[in-house]
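Trainee: There's a structure below that I have some questions on.
The values are calculated or read from the model by the stated rules, or taken from the named source; none is laboratory data. Small disclaimer: the values here were computed from a predicted structure and weren't measured. All Cβ positions, glycine included, derive from the backbone under ideal geometry; neighbour counts span all protein chains shown.
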Amino acid sequence: MQHMDRIIELNRDNRLMVVEPGITNKAVQDAAATEGFFWPPDPTSASVCTVGGNLAYNSAGPRAIKYGTPRENTLALKVVTGAGETLRTGTRTTKGVVGYDLTRLLIGSEGTLAIITEATLKLTPLQPEKRTLRAVYKDVYSAARAVSSIMSQPVIPCALEFMDGNAIAMVRDTQPGLPETAGALLMIEVDGIESQLGDLVSHLVDAASVAGLLDIQQARSPQEVTALWETRKALSPALRRIAPKKINEDVVVPVSRIPELVERLAGLSARHGIKIINFGHAGNGNLHVNLLYDPDDPAQQQRAEACLEDVFSAVLEMDGTISGEHGIGLVKRDWVSKELDQNSLDLMYAIKRQFDPDGILNPGKTLPMKELSLCNNGVKS
């Protein structure tokens, strides 16, 4: 779909944009900004990822904490089903309850139900100002408690990103100025009207100032904003250098249970002898759990797989979900039945059969394969 990359309509009065699926997220943001708007989903790969991909996986990014995911920011879709039928779902209005909500059903379905050919995006006005804070803590438990504190008060940040001590250690050489005893950090951003931002920042600083806080800094210029974010942005390249074949899973737990998740991950790392580095969108309870190992070493491969099984089990025990925005695909497919009950799965198989009777759209993905094969062969009722 990469050649279907046009902006069909940019409608300022109705705060919407109609685009084709191959357009990049950045191109959408740049076009919306010319009219004073933005589209809230902002994956870190915005310069290369497409809107079609964002919609297929409901991929959001840091701003989801305040502004929501693609499901909350997409008004309508035009799609082609596996049977070759064209559908138009949704409305051009922010309210509408006629029929079932097929738009939200198709977003996040990973291309298994229909091919998106057009999307009507809901735009949000750009806030005039933003403030950036970096809070450093002595350990991950202190940072996790700060997340819960921040998310239980009225001021909602527009970004709340987390890095654990292992992640900090990987970038410390390239990011001077971090306290030597830093065990975790939070990147916090808040946006709004300039006259209000002083009070908003004060509320966030108070909430972030839990026991274990070592340092909290506010950027005073665009250059300082860039400098503070460099710590977070330096992590992914460092991980690719050290463990290019690492396992990177994005799991989600209720925000109040982040401290428990962090503690259990530390225990699993020690038990299996696998280094685990955690970072991600803490305000949503969405952590990217990175298992660093050498897949060419059979013993490490076995330990990593056992560790991953225990990670998923722990997340489900904490009322969480095994994927927040990276999708299911093949790797997590066999875990779906551990999260969803059989009645729910049976309904999903029926939906799959209705949209894609011959099983030709992204076959073998998202739903457990054995049951899906029965479904597509018409055996399962």
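Trainee: If I ask for residues that are touching a residue at least 40 places away in the same chain (Cβ under 8 Å) and more than 17 Å from K233 (Cα to Cα), which ones from the stretch 275-285 would you list? Spell out the reasoning first.
Mentor: In the first step, residues of the stretch 275-285 are kept if they are touching a residue at least 40 places away in the same chain (Cβ under 8 Å); the result is 275-284.
Scanning the stretch 275-285 gives K275, I276, G283, N284.
Trainee: Mind telling me which of the residues G192, G183, G177, G212 ends up being at negative phi and of a type in the set (G, A, S)? Show your work before the answer.
Mentor: Working: G192 fails: at negative phi; G177 fails: at negative phi; G212 fails: at negative phi.
The unique qualifying residue is G183.
Trainee: Taking the stated definitions as given, is I274 crowded, with 19+ Cβ neighbours inside 10 Å and within 28 Å of T69 (Cβ to Cβ)? Working first, answer last.
Mentor: Working: crowded, with 19+ Cβ neighbours inside 10 Å: yes; within 28 Å of T69 (Cβ to Cβ): no.
Spelling it out, it is not the case that I274 is crowded, with 19+ Cβ neighbours inside 10 Å and within 28 Å of T69 (Cβ to Cβ).
Yes or no, residue by residue, for (1) in contact (Cβ under 8 Å) with a residue 12 or more places away in the chain; (2) surrounded by fewer than 19 Cβ atoms within 10 Å (Cβ to Cβ); (3) assigned to a helix (DSSP H, G or I):
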residue: A304; (1), (2), (3): yes, no, yes
residue: E309; (1), (2), (3): no, yes, yes
residue: V315; (1), (2), (3): yes, no, yes
residue: V336; (1), (2), (3): yes, yes, yes
residue: D346; (1), (2), (3): yes, yes, yes
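Trainee: Which count do you get for residues in the stretch 215-264 that are of a type in the set (G, A, S), surrounded by 14 or more Cβ atoms within 10 Å (Cβ to Cβ) and in a loop (DSSP other than H, G, I, E, B)?
Mentor: Of the residues in the stretch 215-264, the ones of a type in the set (G, A, S) are 219, 221, 227, 234, 236, 238, 243, 256.
Retained after the next criterion (residues that are surrounded by 14 or more Cβ atoms within 10 Å (Cβ to Cβ)): 219, 227, 234, 236, 238, 243, 256.
Now narrow it down to the ones that are in a loop (DSSP other than H, G, I, E, B): 219, 234, 243.
Of the residues in the stretch 215-264, 3 are of a type in the set (G, A, S), surrounded by 14 or more Cβ atoms within 10 Å (Cβ to Cβ) and in a loop (DSSP other than H, G, I, E, B).
Trainee: Among the numbered conditions (1) surrounded by fewer than 16 Cβ atoms within 10 Å (Cβ to Cβ); (2) at positive phi, tell me where P295 comes up short.
Mentor: Of (1) surrounded by fewer than 16 Cβ atoms within 10 Å (Cβ to Cβ); (2) at positive phi, only one is false for P295: (2).
Trainee: When the stretch 277-306 is examined, which residues are found to be among the hydrophobic types (A, V, I, L, M, F, W, C) and in contact with a strand residue (DSSP E or B) (Cβ under 6 Å, 6 or more places away or on another chain)?
Mentor: I277, F279, A282, L287, V289, L291, L292, A304
Trainee: Please find, among S109, S152, the residue that is surrounded by fewer than 18 Cβ atoms within 10 Å (Cβ to Cβ) and within 22 Å of the chain's Cα centre (by Cα).
Mentor: Among S109, S152, only S152 is surrounded by fewer than 18 Cβ atoms within 10 Å (Cβ to Cβ) and within 22 Å of the chain's Cα centre (by Cα).
Trainee: Then there is this: With respect to the numbered conditions (1) touching a residue at least 24 places away in the same chain (Cβ under 8 Å); (2) within 26 Å of G61 (Cα to Cα); (3) not in a strand (DSSP E or B), which one is the sole condition not fulfilled by Q300?
Mentor: Q300 satisfies every listed condition except (2).
Trainee: Let me ask something else. Among the residues of the stretch 34-44, are any in a helix (DSSP H, G or I), among the hydroxyl-bearing types (S, T, Y) and under 12 Å from the mean Cα position of the chain (by Cα)?
Mentor: Taking the stretch 34-44 first, the residues in a helix (DSSP H, G or I) are none.
No, the stretch 34-44 contains no residue that is in a helix (DSSP H, G or I), among the hydroxyl-bearing types (S, T, Y) and under 12 Å from the mean Cα position of the chain (by Cα).
Trainee: Something else now. Are there any pairs with C-beta distances below 6 angstrom linking a residue in the stretch 7-23 that is without any contact (Cβ under 8 Å) to a residue 60 or more places away in the chain and hydrophobic (A, V, I, L, M, F, W, C) to a residue that is in a loop (DSSP other than H, G, I, E, B) and surrounded by fewer than 17 Cβ atoms within 10 Å (Cβ to Cβ), with the two at least 6 apart or on different chains, and if so which?
Mentor: Qualifying pairs under 6 Å: I23/D5.
Trainee: Also, quick follow-up: Give just the number: which of (1) free of Cβ contacts under 8 Å to residues at least 24 places away in the same chain; (2) loosely packed, with under 13 Cβ neighbours inside 10 Å; (3) among the aliphatic types (A, V, I, L, M) does I193 not satisfy?
Mentor: So the condition that I193 fails would be (1).
Trainee: Within the bounds of the stretch 21-29, is there any residue that is in a helix (DSSP H, G or I), of a type in the set (A, V, I, L, M) and surrounded by fewer than 21 Cβ atoms within 10 Å (Cβ to Cβ)?
Mentor: So the first thing to find is which residues in the stretch 21-29 are in a helix (DSSP H, G or I), and the list is 25-29.
From what is left, the residues that are of a type in the set (A, V, I, L, M) are 27-28.
Subset that is surrounded by fewer than 21 Cβ atoms within 10 Å (Cβ to Cβ): 27.
Within the stretch 21-29 (the criterion being in a helix (DSSP H, G or I), of a type in the set (A, V, I, L, M) and surrounded by fewer than 21 Cβ atoms within 10 Å (Cβ to Cβ)), the answer is yes, since at least one residue qualifies.
Trainee: Within 18 Å of the chain's Cα centre (by Cα), buried (at least 22 other Cβ atoms within 10 Å of the Cβ), more than 23 Å from S236 (Cβ to Cβ) and not assigned by TED's automatic domain parsing to the domain that holds D358: does that describe L77? Can you show your working first?
Mentor: Values: within 18 Å of the chain's Cα centre (by Cα): no; buried (at least 22 other Cβ atoms within 10 Å of the Cβ): yes; more than 23 Å from S236 (Cβ to Cβ): yes; not assigned by TED's automatic domain parsing to the domain that holds D358: yes.
Considered against the rule, which asks whether it is within 18 Å of the chain's Cα centre (by Cα), buried (at least 22 other Cβ atoms within 10 Å of the Cβ), more than 23 Å from S236 (Cβ to Cβ) and not assigned by TED's automatic domain parsing to the domain that holds D358, L77 comes out as no.
Trainee: Still on this structure, please answer the following. How many of the residues in the stretch 63-93 are in contact (Cβ under 8 Å) with a residue 60 or more places away in the chain, touching a strand residue (DSSP E or B) at 6+ places or on another chain (Cβ under 8 Å) and of a type in the set (A, V, I, L, M)?
Mentor: 2
This table checks each residue for (1) in contact with a Ser or Thr (Cβ under 8 Å, 6 or more places away or on another chain); (2) in a loop (DSSP other than H, G, I, E, B); (3) in contact (Cβ under 8 Å) with a residue 12 or more places away in the chain.
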site	(1), (2), (3)
G61	yes, yes, yes
K95	no, yes, no
S109	yes, yes, yes
E118	no, no, yes
L121	yes, no, yes
V136	no, no, yes
A143	no, no, yes
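Trainee: Only one of (1) in a helix (DSSP H, G or I); (2) out of contact with any Leu (no Cβ under 7 Å at 6 or more places or on another chain); (3) farther than 26 Å from M318 by Cα; (4) free of Cβ contacts under 8 Å to residues at least 12 places away in the same chain is not met by G267, so which one is it?
Mentor: So G267 meets the others, but not (3).
Trainee: What about I168, is it part of a helix (DSSP H, G or I), buried (at least 22 other Cβ atoms within 10 Å of the Cβ) and outside the structural domain of R63 (by TED's automatic domain parsing)? Walk me through it before giving the result.
Mentor: Details: part of a helix (DSSP H, G or I): yes; buried (at least 22 other Cβ atoms within 10 Å of the Cβ): no; outside the structural domain of R63 (by TED's automatic domain parsing): yes.
Considered against the rule, which asks whether it is part of a helix (DSSP H, G or I), buried (at least 22 other Cβ atoms within 10 Å of the Cβ) and outside the structural domain of R63 (by TED's automatic domain parsing), I168 comes out as no.
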